[in-house]
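Trainee: Starting off with a structure, shown below.
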Amino acid sequence: MGRAEERRARQRGGRRAAPKGRRSSGADGRSGIRRLFTWKKILGTFFGLCLLGMGAFIVLYMVIDIPEGNADAELQSNVYKYSDGSIMARTGDRNREIVDLAKVPKDVQRTFVAAENKTFYKDSGVDIKGTARGVLNTLSGKGAQGGSTITQQYVKNYYLTQDQTVSRKLKELVISLKLDREKSKDYILAGYINTSYYGRGAYGIQAAAQAYYRVDAEDLDVEQGAYLAALLQAPNQYDWAIASDTGKRLVQQRWNYVLDNMVEQKWLDRSDRQDMTFPEPEEPKAAPGMEGQTGYLVEAANTALERQLVAQGIAEDMKQADALLDLGGYTVTLNIDKKKQKALEAAVKAELTSKLDPDKRKVDADVQAGAVSVNPKNGAVVAMYGGVNYVEHFTNNATRDDYQPASTFKPLILAAAVDQDAETQDGVPITANTLYDGTSRRPVMDGDRKVGFAPPNEDDVDYGDIDVQEAMNKSVNSVFAQMGIDVGMPEVVKAAGALGMETEGMEPVPAQTLGSMGASPLEMAGVYATLDNHGKKVTPAVVKSVEHKDRVIEFPEAVGEQVISREAADTVTSVLTGVVDDGTARQSVRENPLRGGQQVAGKTGTSDNNKSAWFTGFTPELVTSVGLFGEDPKNHNQVPMYRAGGVDYRVNGGGFPAEIWAAYTFGVMDEVTEFDLDTKQGAAVKPSETPSASQSPSETPSEEPTTEAPPTEEPSETPSQTPTSEPPSQTPTSEPPTKTPSLPSTPGLPGDPDDPVNDEEQ
C-alpha cells in the first residue's frame, strides 16, 4: 500500500496492520507494569517505609518529653473526719484522695493488673498491636477502640487528654515507653488507681472505696477490689445501684474474669477463689455538705490547719496557707466526738431554739448561740455549736471573740490573787474567806486614791460585809473590782494570758474585772479547762491529726506546762462549786434531775445591756462554755436580748446558757465523778443525791443584803433570802477574815455586765 492509500485509510478510521514480529500494544502495557512493580521494588519500598517510620519514631522519641502532670488529674478534695474516722465532709472540685500504694493491700493492687493488663509487670509499658489498632480505628472513624496497657491508660489520664486523635495516641506511645524506663511499676500502678474514675463522682481508689463500700482503701478485701477494678471498664453501666439487669450480668462476668486471671497468674489460690461471693456495694450516699454544724467544724479545722502550716514554715502567711489548702489532698481528722456533737446540738434545740419564736417576739430573731466542749485531760474539742446553720449564718459563734465574757472573767481575778499570794490593802492574804465590802457603787480604791470606778451590783443590791466565796456565788461586782486593784491589774491580765485568754491589746484597767474585753466560747473553755486540769495549760485542739502525701503536719501538744499553781487552780475550782450549789447557777444546774450527785463548778455571766449571756462550767472530765449573743440579723450589730424566749426581763447566764450546759453535760456523762482538789479553802460543796429547792448546803447564815432585789426572770441571779454562806469544807486558813474599808456610795461607771442595774428596755 502506498503512502496515499495509507493516509486515506487513517482518515476513514482504519488501521494499518502491524508488521509481523512486532508485539501488540496490550503486550507492551503488561510488560511495563511488571517492570514497575517487581518484587524487589515492592520489598524495597516496604523496608524504606519501615526505615522512614523508625526514623520518624526516633525523632518523636527524642523530641517528646514526659510533660508536667495534668492539673485536673491532680485535683483532690480535702476530707474531714470525726474522731472515730467516719467521714464528716469533703470539699473541693474533685472527690479524690490520693493514697500511697503501700496502703492498698497487695491482693487488691493485683485485681487491677488482672483486669486491665496481665503482663503489666513484664511489658515495656506499651501494647504495639493495641495502639496500632487504635490508630487505624481513629483514622477510619470508628472511634475509641483498641487495647492499651495500664501505663498507657495512666499516661492518658495524668499527662494527656481523652481526645481521640492520631497525634495524641502517638504521644501516648512515646511517653509510655519513656515512663516505663524512668519510673517503677509501683509508681505507675499507684498513679493509675489514684487518677482513674470509678463512678459516683469518685476519682481514685480511696474515694471509690468510701463511695461503694464505706471503708478506706487499706481495708478493702480482694472481692471488693475486683469489683472496683471491673468498674473501670464502664463505671456508670456497672454501678450495681443503677445498673440494668444486663449491666449487673456484665459486671459479674467482669468480676469473675478478674479473679480467674488472678488464679491464672498464681496471685490467688484456687480454693480461695471458689469460696468468694460477689460483694454487692452499698447504696449511693449523698456527699456530706456544709449545712448545719458541719460548716462551722470544717471552718474551725481549716483555721487551725492554716495556722500550723505557717508555724511550721510550710507557708509564709495565712493567705499562702489558704492557697495550699485549696489545692486539696488533706485528710483532716477532728477531735469531734460524734455522740457528744449530736448531744450538744440536741441540747441547744431543746433548751433554746425550740423556744424562740420571731413571729411572736421580734427579739427572738436576734439570739445567737455558741458553745464549745473540751476534754480537760487532753485538750480535745469534743463538740462545738457554731450557730443555727452554717449556710444561713456564716459567723461561727463558737470561735467569735467580739462579745464580752462578763462575770465569767471573775474567777481569773481570784486565780491571780491566790497564785500571787496577793493581799488586801490592809495586808491580809486574799482567800475564799476574806471579807470585802459588797456595797453597790462603792468607789474602787488604790490606797487612799479613788481610781474612778464604782460599779453597781446587779439590781443595785448592797451586800455589806461579804466573804469572797459568797461574793463569787452571787457575782458581786464591787468585790471583784476592788480585788483586781488589790492584786494589781497587770498581774490579773498576765494571769489571764497564762490561763489562755488573748490578752494582746488588753488594757490593765479596773473595768476589765467585769469582763469588758472580748472573748469566745472556745477561749473561755480553754481557760476553765486549765483550771480543771489543776493549773496545767490546756489549749483547746479542734484537729486531731492531718495527713498529706507531700508534707507532714504535726500539731503541738494541747496540754502544756504548769501556768498557775495547783493550789490556785484548785481553790478557784472549789469556789466555783459554790456558784452551782449556792449561787447564780443553782436553779438550772443544781436542781437538774439528771445531775445524780455529779460535782460541778462553773460561773455565769451577763454582759452590759444584756448583749451576751454565758455559762462556763465543768466536771472533772468535761468543760463546756455556752454563750448567747444578741446580733441584728440585718446589719450584724450587737443588740440587747431582753425578754427573748419569753423570759420576764433579762436573758441571764443562769437561764438558757446554764440550761443548755446541764442538758448536754448530764446527758453525756458516763459516770458520776468528784473533783480531786488540793486546797484548804473554798466551798467544795458536796451536792445532795436528790437536791431540791428547799435544801441549802449552807449552815452558817450570812448577812442579809441591805437592799432587797426586785424580782427578775431568773431568781437564782438575785440574792437568796435563805442563808447561803458556809464555812470552809476543809481546814480554814490561819489568816483572820478582813474587811476592806467601807466607803460612801458614789455613782460610778455602768457595772458588771453580769449584774447591770442601768439596763433600759430596748
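Values quoted throughout were computed directly from the atomic coordinates according to the rules given, and no laboratory measurement underlies them. Since this is a predicted model, take the numbers as computed values, not measurements. Backbone-built Cβ (ideal geometry, glycine too); neighbour counts: all protein chains shown.
Trainee: Would you grab the residues whose amide H sits under 5 Å from the one on ALA315? Only those 5+ places off in sequence or on another chain, please, with H modelled 1.01 Å from N.
Mentor: Long-range HN contacts for ALA315: VAL310.
Trainee: Can you list residues whose amide H is under 5 Å from THR149's amide H, if they're 5+ apart or on another chain and H is modeled 1.01 Å from N?
Mentor: ASP127
Trainee: If neighbour count is taken as other Cβ atoms inside 10 Å, put SER271, SER612, SER565 in order from fewest to most.
Mentor: On the way: SER271 8, SER612 32, SER565 17.
Fewest to most other Cβ atoms nearby, the residues stand as SER271, SER565, SER612.
Trainee: Based on alpha-carbon centroids, what's the gap between the stretch 518-559 and the stretch 418-463 in Å, whole number please?
Mentor: 35 Å
Trainee: Can I ask one more? With θ taken as phi - 60° and the coefficients 6.51, -1.76 and 1.60, list the Karplus ³J(HN,Hα) couplings across the stretch 334-343 in order, rounded to whole Hz; mark glycine and proline as x.
Mentor: Running phi through 6.51 cos²θ - 1.76 cosθ + 1.60 with θ = phi - 60° gives 8, 7, 4, 8, 4, 5, 5, 4, 5, 5 Hz.
Trainee: Given H placed 1.01 Å from N in the peptide plane, which residues other than close sequence neighbours of ASP446 have an amide H under 5 Å from its amide H?
Mentor: VAL451
Trainee: Residue by residue through the stretch 312-318, what is 3J(HN,Hα) from phi via Karplus (6.51 cos²θ - 1.76 cosθ + 1.60, θ = phi - 60°)? Round to whole Hz and write x for glycine and proline.
Mentor: Values per residue, Gly and Pro as x: 7, x, 6, 10, 6, 8, 5 Hz.
Trainee: Just to check I understand the Karplus step: with θ = phi - 60° and J = 6.51 cos²θ - 1.76 cosθ + 1.60, what whole-Hz values come out for the stretch 345-356, glycine and proline as x?
Mentor: Once rounded to whole Hz, the list reads 4, 5, 5, 5, 5, 5, 9, 9, 4, 5, 9, 8.
Trainee: Further question on the same structure: Assuming 0.36 nm per residue, please report the length gained on full extension of the stretch THR353 to ASN635 beyond their Cα-Cα distance. Could the numbers behind the result be given before it?
Mentor: Values: separation 282, 0.36 × 282 = 101.52 nm, distance 2.12 nm.
Using 0.36 nm per residue and subtracting the Cα-Cα distance, I get 99.4 nm.
Trainee: With respect to the cross-link table entries LYS355/LYS634; LYS537/LYS603; LYS342/LYS410; LYS285/LYS339, which display a Cα-Cα separation exceeding 24 Å?
Mentor: Values: LYS355/LYS634 21 Å; LYS537/LYS603 19 Å; LYS342/LYS410 31 Å; LYS285/LYS339 21 Å.
LYS342/LYS410, as the Cα separations exceed 24 Å there.
Trainee: Packing-wise, with mean Cβ within 10 Å as the measure, how do 313-325, 589-601 rank, highest first?
Mentor: Ranked from most to least packed, the peptides come out as 589-601, 313-325.
Trainee: With a ≥ b ≥ c the root eigenvalues of the C-alpha gyration tensor of the stretch 406-492, is it rounded (a/c under 1.5), prolate (a/b larger than b/c) or oblate? Don't jump to the answer; show the numbers that get you there.
Mentor: Values: a/c = 1.44, a/b = 1.20, b/c = 1.20.
It is rounded, given that a/c, with a ≥ b ≥ c, falls under 1.5.
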